[in-house]
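Read the figures in this text as sums done on the coordinates, not as results from a lab. The structure displayed is predicted, hence computed values, not measured ones. Heads up, the Cβs are rebuilt from the backbone with ideal geometry, glycines too, and the neighbour counts pull from every protein chain shown.
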Amino acid sequence: MNLSVNLNHIGLYNSSLSHSEKFYRQLLGLENIYQFQISKDLAKNIFGLENDYQVVIYGNSQLRMEIFIGEGQKQITPTINHICLNVENMVNFLEKCREMEVEINTVKRNDREIFFIKDYDGNLFEIKEK
């Protein structure tokens, strides 16, 4: 049996709405599609967390991000969890990251460089040029 699988969304944590708006809307250019709340009880049942969360859905025609806002809460890092995004122009994208004070980690791998950035709450993104 051959199953058809595709990505529906990616869920990540951010500590503030301003951080998520700056990173996902301003840097990545995703639209703020809609928002909703999940209760403490639902968060406990799904994730084992005991807080209410505002959830913001950002996206475009090819990508949907579900960002859980935990005002003032810290995320545990480091982690090897990451998302890899393709960009049209690496030089322009990295310059915009610098302008927006987004952390860039350039790593030598064999004879080339690979690039990782973190959003304002430590979520890790690998960046590749299309």
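For the chain, modelled as a GNM with alpha-carbon contacts under 10 angstrom, which of 86, 110, 32 fluctuates the most?
110
Which whole-number value in Å³ per residue fits the convex hull of the alpha carbons of the chain? Working shown, then result.
Details: hull volume 20.4 nm³, N = 130.
It is 157 Å³ per residue.
For residue 12, what residues show an amide H to amide H distance below 5 Å, using hydrogens built from the backbone and excluding near sequence neighbours?
66, 67, 68
Report the convex hull volume per residue for the range 79-130, counting only C-alpha atoms, in Å³. Write down the numbers at each step before the final one.
On the way: hull volume 4.1 nm³, N = 52.
It is 79 Å³ per residue.
Nothing charged except the Cβ atoms of Lys and Arg (+1) and of Asp and Glu (-1): what's the magnitude of the dipole of the chain about its Cα centre? Round to the nearest 20 debye. Kindly include the intermediate steps, with their values, before the conclusion.
Values: 14 positive and 18 negative charges, 55 e Å.
For the chain, the charge dipole is close to 260 debye.
Can you compute the FRET efficiency between residue 107 and residue 33 using 1/(1 + (r/R0)^6), with r the Cβ-Cβ distance and R0 = 25 Å? Round to the nearest 0.05.
Step by step, r from the Cβ atoms, then E = 0.15.
Residue 17 to residue 47: FRET efficiency via 1/(1 + (r/R0)^6), r the Cβ-Cβ distance, R0 25 Å, to the nearest 0.05? List each step's numbers first, then the result.
On the way: r = 19 Å, r/R0 = 0.77.
Result of the calculation: an efficiency of 0.85.
Would you mind checking 44/74; 96/130; 74/108; 44/96; 22/130; 22/74 for any pair whose Cα atoms are more than 27 angstrom apart?
Numbers: 44/74 17 Å; 96/130 17 Å; 74/108 30 Å; 44/96 37 Å; 22/130 23 Å; 22/74 18 Å.
Over 27 Å Cα-Cα: 74/108; 44/96.
Would you kindly derive the ³J(HN,Hα) couplings of the range 116-130 from the backbone phi angles with the Karplus curve 6.51 cos²θ - 1.76 cosθ + 1.60 (θ = phi - 60°), listing them in order in whole Hz, with x for Gly and Pro?
10, 10, 10, 6, 6, 10, x, 5, 9, 10, 8, 10, 10, 8, 4
Between exposed GluC sites (Glu not before Pro) in the chain, where DSSP calls loop and at most 10 other Cβ atoms lie within 10 Å, what's the longest gap?
The segment 1-49 is the longest one with no such site.
What percent do you get for the relative contact order of the chain when only Cα pairs under 8 Å and 6+ apart count?
Details: 213 pairs, mean separation 32.3, N = 130.
Averaging sequence separation for qualifying contacts and normalising by length gives 25 percent for the chain.
Can you tally the net charge around residue 124? Count Lys and Arg as +1, Asp and Glu as -1, for every other residue whose Cβ sits under 11 Å from the Cβ of residue 124.
Charge balance near residue 124 sits at -3.
May I ask you to derive the FRET efficiency for residue 92 and residue 64 from their Cβ-Cβ distance with R0 = 25 Å, giving the value to the nearest 0.05? Numbers along the way, then the final one.
On the way: r = 24 Å, r/R0 = 0.96.
Plugging the Cβ-Cβ distance into 1/(1 + (r/R0)^6) gives 0.55.
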